[in-house]
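Following: one structure in structure tokens, then a few remarks.
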Amino acid sequence: TLQGKTAVITGSNSGIGLGIARELARAGADVVLNSFTDREEDHALAAQIAAEFGVEARYIQADMSKGEACRGLIKDAGRCDILVNNAGIQHVAPVDEFPAETWDAILAINLSSAFHTTAVALPMMRAAGWGRVVNIASAHGLTASPFKSAYVAAKHGVVGLTKTVALETAEEPITCNAICPGYVLTPLVEAQIPDTMEKYNMSREEVIKQVMLERQPSREFATVEQLGGSTVFFCSDAAAQITGTTLSVDGGWTAL
Ligand code: NAD
């Protein structure tokens, strides 16, 4: 059980981050939800988790594209035994047409945010004598696809950061690992469907079956609950000697 632990999950008012927060809460952890918005419904998500799982849950607004805000999130949380770096965005365009400001935003949110949060969380974990960093990379942290230069570069960077942090904490009761999901049907993936339909001149169904699940031998989307379960595993005693590695949850994508 993760009772008495506090987990901070970046980008967790939707999709995978919310699924991970729910599974950590189910396992007994107090959770801090985050995104860049500050709406009533964001705070309501935390209240819902608190009521459903009997844990403490808070929502803290912080923009993960800004280094100081990333650091502020961890400071405001006050405690961070489990850090899940999940916030991420995507943009699909050929490299020679890729907007420079979009490149910068993807690198900031998908990669640099994890550097900033980890830098502040590690001293807290050391003080508490236990810690887990779980970075949500991607199958695109291990392989590439055309038109996703910034995303693939950032996710490969996340895997590199994961290994480095693992080595720096190797002799401490702290681990750092990455989860590499294949396709999960979240708003992030939904948003790619129109662009991909245009790029390949395909229907929505064709994009899902022939482009997305074409890469995923299981021909099934992974679920946010499964990614939450993988995160809970990394936080368990069974995973205490697992550090600096990647766990693919991709229906066989990277076995191809
Ligand atoms: P999503 O769009 O549902 O969730 C992204 C989350 O990040 C949201 O909560 C969003 O509010 C938050 N976010 C975006 N910009 C932010 C910012 N500037 N500051 C703070 N929060 C911000 O997408 P998702 O699919 O759940 O993606 C979550 C993570 O999983 C991402 O890192 C993504 O790259 C990764 N991933 C997703 C898939 C997939 O198929 N869905 C596959 C592999 C990896």
Exposure proxy ranking, count of Cβ atoms within 10 Å, fewest first, for Glu225, Glu23: Glu225, Glu23
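Note down the net charge around Asp237, summing +1 for each Lys or Arg and -1 for each Asp or Glu among other residues with Cβ under 15 Å from its Cβ. Intermediate results must be reported in sequence, preceding the final value.
Working: positive: Lys5, Arg132; negative: Asp81.
Taking every Cβ under 15 Å from that of Asp237, the sum is +1.
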Separation of alpha-carbon centers, segment 116-138 and segment 42-103, rounded to whole Å: 14 Å
Where only alpha carbons of segment 70-194 are counted, the Rg and the Dmax (Å): 15.3, 48
Additional length obtainable on full extension of the chain from Ala127 to Asp76, 0.36 nm per residue less Cα span: 16.7 nm
Helix 149-168 vs. the chain, principal-axis angle (Cα, 0 to 90°, nearest 10): 30 degrees
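At a threshold of 8 angstrom on Cα-Cα distance, excluding pairs fewer than six apart, so keeping six or more, what relative contact order does the chain reach in percent?
Numbers: 520 pairs, mean separation 51.0, N = 256.
RCO, the chain: 20 percent.
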Principal-axis tilt of helix 113-128 within the chain, Cα atoms, nearest 10 degrees: 20 degrees
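Any idea what the alpha-carbon Rg over 2.2 N^0.38 Å comes to for segment 1-133?
On the way: Rg = 15.1 Å, N = 133, 2.2 N^0.38 = 14.1 Å.
Cα Rg divided by the expected 2.2 N^0.38 Å: 1.07.
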Residues Met212, Met64, Met125, Met197 arranged by fewest to most Cβ contacts within 10 Å: Met197, Met212, Met125, Met64
R0 of 41 Å, Cβ-Cβ distance Glu206-Glu41: FRET efficiency to nearest 0.05: 0.75
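Label the chain by shape, choosing from rounded, prolate and oblate, from the square roots a ≥ b ≥ c of the eigenvalues of the Cα gyration tensor; if a/c is under 1.5 it is rounded, and otherwise prolate applies when a/b is larger than b/c, oblate when it is not. Don't skip to the end; give the middle numbers.
On the way: a/c = 1.56, a/b = 1.50, b/c = 1.04.
Cα axes put the chain in the prolate bin.
Determine, for Asp237, Asp76, Asp63, the number of other Cβ atoms within 10 Å of each Cβ, and report the residues in order from fewest to most.
Values: Asp237 6, Asp76 15, Asp63 18.
Fewest-to-most ranking of Asp237, Asp76, Asp63: Asp237, Asp76, Asp63.
The numbers here are math on the coordinates, done by the rules we state, and not lab data. Everything numeric in this text was worked out from a predicted model, so none of it was measured. No Cβ is skipped: glycine too gets one built from the backbone with ideal geometry, and neighbour counts run over all protein chains shown.
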